[in-house]
Structure formats: structure tokens, C-alpha cells
Amino acid sequence: MNLRLISFVAMSVCAPLLVCVGVGSAAEEGAKSADHATEIFKWINFGIVALGVVWLFAKKLPPVFRAKAELIGAAITKASAIKAEADRQLADAESRLARLDQEVIALQAAAAKEAAADAERIRELAKSDAEKVSLAADAEIEAAERAARVELKSLAAKLAVDGAEALLVKQLTAQAQESLVNGFVESLEGRPN
């Protein structure tokens with residue numbers, strides 16, 4: 001408030017009061033004039049104190065009220081911003097929650113697809129390993145067969161040599177040996193060197 005306005009209001013209240021008191025005191029001059037004078041001074045004193053209190057409040061309280069109003073306004077603005085952010089987060093959470101079923105279904109489908117691909121890859125690896133094992137077994141069987149044939153031939157040759165040696169020992173007598181050596185020497189003599 002403006003100080004001039006406050007002073008004007010105080011004077012307009014105090015002046016009629018003083019006039020009324022003055023008129024009342026002039027009419028009753030007499031025995032009660034001392035009581036009235038005391039009462040008039042009380043009212044004047046009250047007016048001065050009231051005017052001082054009003055002036056003090058008018059001077060000191062508006063800045064305090066303005067600062068409090070600004071502080072409350074800032075708090076309201078901050079609370080509004082926090083509420084708006086909380087509402088935005090709530091809306092975001094609700095939308096994610098609404099999409100949660102779809103995301104779960106999508107994740108399940110992706111997991112099933114990945115599991116099927118893994119199963120197929122494992123089948124292919126197992127098939128490839130089985131083919132490798134089969135080829136290795138075939139190669140091992142062929143090697144064992146060749147080794148058995150070689151061993152069989154070696155055994156047959158040994159048996160044939162042993163059988164021929166035994167037959168020669170039985171059939172080759174000293175006279176047969178001499179006849180063979182003589183036949184060999186004669187065949188050599190007919191040849192040119």
C-alpha cells in the first residue's frame with residue numbers, strides 16, 4: 001500500500017473521531033469534563049498507536065508477503081514440473097506395460113525360431129560327423145583288409161616255400177642232386193661266355 005493512502009485513511013478516521021469527542025466534551029462541560037478529557041486522550045493515543053501499527057505493517061509486511069508469494073509460486077511451479085515429469089513417466093510405464101504382452105510373444109517367437117535353427121544346425125553337425133566317422137571306418141576297414149591280404153599272401157608264400165622245401169628234402173636224394181648239378185653244368189658249357 002501507498003503511505004499517503006494509509007495516512008489519508010488514518011486522518012479521515014481520526015479527524016471525525018476527534019470532532020465527535022470535542023462536540024461531546026463541549027456539551028458536557030462540567031463535572032465529567034475531567035473524565036471526558038482522559039477519555040479523549042485515550043482515543044487520541046489509540047489512534048496514534050493504531051496509525052503506527054498500520055504504518056509499520058504497511059511498510060514491512062508487503063515485501064515479506066511478496067517474498068512468501070514468490071517462494072510459494074516457485075514451489076508450485078517446481079511441483080507442477082515434477083508432477084508433469086511423473087505423469088510422463090507414468091504414461092511411459094503404462095505404455096510399456098501395455099506392450100509387454102506383445103514383447104513377450106515376440107521374444108517367445110524369436111526364442112522358438114532360434115531353438116529350431118540351433119536344432120537344425122546340431123542335426124547337420126551330427127550328420128556331418130556321422131559321415132566323417134563312416135568314411136574313417138571304411139578307410140580303416142580297407143586298410144585292415146589290405147593288411148590281411150598282404151599277411152595272407154605272405155603266409156601262403158611261406159607255406160608254399162616250406163612245403164616245397166619239405167618236398168624237395170623228401171624227393172631230393174644225393175643221386176638226384178648230382179644229376180641236377182651235372183645237368184646244370186652241361187647247360188652252361190653249351191653257352192657262350
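What follows draws every value from the coordinates through simple rules; no lab data is involved. Please read all numbers here as calculations on a predicted model, not as lab measurements. Because the Cβ atoms are built from the backbone with ideal geometry, glycine has one as well, and the counts that use them run over all protein chains shown.
Add +1 for every Lys or Arg and -1 for every Asp or Glu among the other residues with Cβ under 14 Å from the Cβ of Ala86, and state the total. Could the numbers behind the result be given before it?
Working: positive: Lys78, Lys83, Arg88; negative: Glu85, Asp87, Asp92, Glu94.
After counting each charged neighbour, the total is -1.
Under 24 Å Cα-Cα from Lys59, which lysines qualify once same-chain neighbours fewer than 8 residues away are excluded?
List returned: Lys68.
Report the full-extension gain for the segment Leu152 to Glu94: residue separation times 0.36 nm, less the Cα-Cα distance, to one decimal in nm. Don't skip to the end; give the middle numbers.
Details: separation 58, 0.36 × 58 = 20.88 nm, distance 8.51 nm.
The Leu152-Glu94 span can extend by a further 12.4 nm.
Using a basic spin-label model with each label point 7 Å from the Cα along Cα→Cβ, how many nm lie between Trp55 and Gln102?
Taking the simple label geometry, Trp55 and Gln102 are separated by 7.4 nm.
Treat each spin label as a single point 7 Å out from the Cα along the C-beta direction, and report the Ala176 to Ala84 distance in nm.
Distance between the two pseudo-spin positions: 12.8 nm.
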